[in-house]
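Step one of this worksheet: look at the structure below.
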Amino acid sequence: MADSSYRIRGATGDWEVVIGLEVHAQVTSNAKLFSGASTEFGAEPNSQVSLVDAAMPGMLPVPNRECIRQAVRTGMALEAQINPWSRFDRKNYFYADLPQGYQISQLYHPIVGEGEIEILLDEKDEGSAKKVGIERIHLEQDAGKLMHDQHPSFSYVDLNRSGVALMEIVSKPDMRSPEEAGAYVRKLRSILRYVGSCDGNMEQGSMRADVNVSVRKPGDPFGTRTETKNVNSVRFIMAAIDYEANRQVDLIEAGGTVVQETRLFDPDKAETRSLRSKEEAHDYRYFPDPDLLPVELGEDFLTECRASLPELPDAKRRRYEEVLGLPPYNASVLTAEVETARWFEALLDILGDAHAVRASNWVISDLFGALNRLGRDLDDSPVSPKQAAELLTLVADGTLSGTLAKQVFEIMLETGEDPGAIVEARGLRQTSDTGAIEKVIADILAANQDKVAEYRSGKDKLFGFFVGQTMKAMQGKANPQVVNELLKKALG
């Protein structure tokens, strides 16, 4: 097991941070957990609210089978215990965006029990792997949203999110650094996107985390924890942990006491601040929801859920290494996101697995480098897998040199044209015509007799000079292998 070696050095020695995360992931479903209202993001406020969501008298919830299926599939992907019998409970509290006066959740009998996730702290080092335990996954309905910026004197309530299905994925307190927490969230998001149970869009709020942090001297019992609510990016999660851990150490060493409380993260100041005290545990008066029967899962349903799972990122990474022969770093990068793996496999479907290593190097260095420069994502790439395969084939068959391929690729990025058409229209085909290359070499040697003499007297490094001059004279279109062979012959 890897050790991230994250320690906070205080006046009284080193401190260790203990981290647990409660990730709220919106279930991929066209309808809400207990109603048929739409879950589409970005709709006009209160345009997607059924009578159930608005808690109109006499309205009864009906469980959405797809939401239950997605939670079960997620649990299976995390190698977690699937509970064939689970139950919904009412969590009672009063807030403006909670029209029922309670939230339907699962406290005592969640649909998914213990599991684990393996994280990799360094993509280039498989020895940096660490397993983080999953305590449980339970289903619950989301609340609405308060809108504070519409009027100076009061707030509006938007109930579009009210009743949307959430999976609350609760980790064990196994993480010991902001880096481990970041790796955990990225890996969890990757698995959810592979499974298709959550889109993982943290900017839109469909995945967010409550961050539990405490500090202790290494080997001591757990300290008092605080909970920072609704943090919606990996970077902010890591920043909240770092700030909160250091705040607690400073507080304790100054003679203060950490109180159990709920806090908020301010991304502008990169700091947490107190929201409400939790010294006295809330009495949510949980009890079984009388309107809902227990959820009982049959063997056929469980078999179908398991059969529907795709190849998951860890299994795919191992296959890329063991079957395709990719270096561990390449395999890790290409399997981190499901869209990347799909793009790469579409490329290999055309090129063939024998070209996997060369293709992976091109995707990671050339394509990703260009997209990063352009500020674009892979799903917005101006180059398709089919076009990339054509470009790499033109290099493999000698039509293009590496230099010419880079020129063609830049034109593809700018215009979206196919590489073959670019080569023909702009005359960028590589030449292996020995007669033409020999003539250029003869001219270069004649113009650089002093360097020819130096080379022949033992300055072998000048060979690169002659290669560069030849390629420059032929505008990068000469076959480098042919150039090397003819130069060695001429200089010999």
TODO: Based on alpha-carbon positions alone, could you give the equivalent ellipsoid semi-axes of region 385-459 from the gyration tensor, as √(5λ), descending, whole Å?
DONE: 35, 13, 11
- [ ] Give the Kirkwood hydrodynamic radius (Å, one decimal) of the chain, defined as one over the mean of 1/r across all pairs of different Cα atoms.
- [x] 26.8
TODO: Would you calculate the separation in nanometres between label points at Glu79 and Ser384, each defined as 7 Å from the Cα along the Cα-to-beta-carbon direction?
DONE: 3.9
Open item on the list: If you consider only alpha-carbon coordinates, what radius of gyration and Dmax does region 219-272 have, in Å?
Closed with: 11.7, 35
TODO: Among the listed pairs Lys451/Lys477; Lys91/Lys217; Lys91/Lys131; Lys131/Lys316, give every one whose C-alpha distance is greater than 29 Å.
DONE: Lys91/Lys217; Lys91/Lys131
TODO: Work out Dmax and Rg for region 33-86 from the C-alpha atoms and quote the Rg first, both in angstrom.
DONE: 14.7, 41
Open item on the list: Distances longer than 22 Å among the Cα atoms of region 307-426: what percent of all pairs is that?
Closed with: 34
Task: Ordering of 384-396, 358-370, 232-244, 301-313 by packing [mean C-beta count within 10 Å, highest first] - done: 232-244, 384-396, 358-370, 301-313
Task: Fraction in percent of alpha-carbon pairs per bin - 5 Å, region 195-289 - done: 3, 12, 20, 20, 16, 13, 9, 5, 1, 0
TODO: State the extension gain, in nm to one decimal, for the chain segment bounded by Lys269 and Ala425, taking 0.36 nm per residue of separation less the distance between their alpha-carbons.
DONE: 50.8 nm
- [ ] Name the shape class, rounded, prolate or oblate, that the alpha-carbon gyration tensor gives for region 434-491, where a ≥ b ≥ c are the square roots of its eigenvalues, rounded holds for a/c under 1.5, and otherwise prolate holds if a/b is larger than b/c and oblate otherwise.
- [x] prolate
TODO: Please give the FRET efficiency for Thr434 paired with Leu491, using the beta carbon to beta carbon distance and R0 = 22 Å, rounded to the nearest 0.05.
DONE: 0.90
Task: With eigenvalues of the C-alpha gyration tensor scaled by 5 and rooted, region 138-269, Å - done: 29, 21, 13
TODO: Decide, for region 243-330, between rounded, prolate and oblate: order the square roots of the alpha carbon gyration tensor eigenvalues as a ≥ b ≥ c, take rounded if a/c falls under 1.5, and otherwise choose prolate if a/b is larger than b/c, else oblate.
DONE: oblate
Task: Burial ordering of Lys477, Lys32, Lys488, fewest other beta-carbon atoms within 10 Å first - done: Lys488, Lys477, Lys32
TODO: Of the DSSP beta bridges with both residues in the chain, give the percent that are antiparallel, rounding to the nearest 5.
DONE: 95
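Every number here is computed from the coordinates shown, using simple stated rules; none is lab data. In this text, all values refer to a predicted model and were calculated from it rather than measured experimentally. Heads up, the Cβs are rebuilt from the backbone with ideal geometry, glycines too, and the neighbour counts pull from every protein chain shown.
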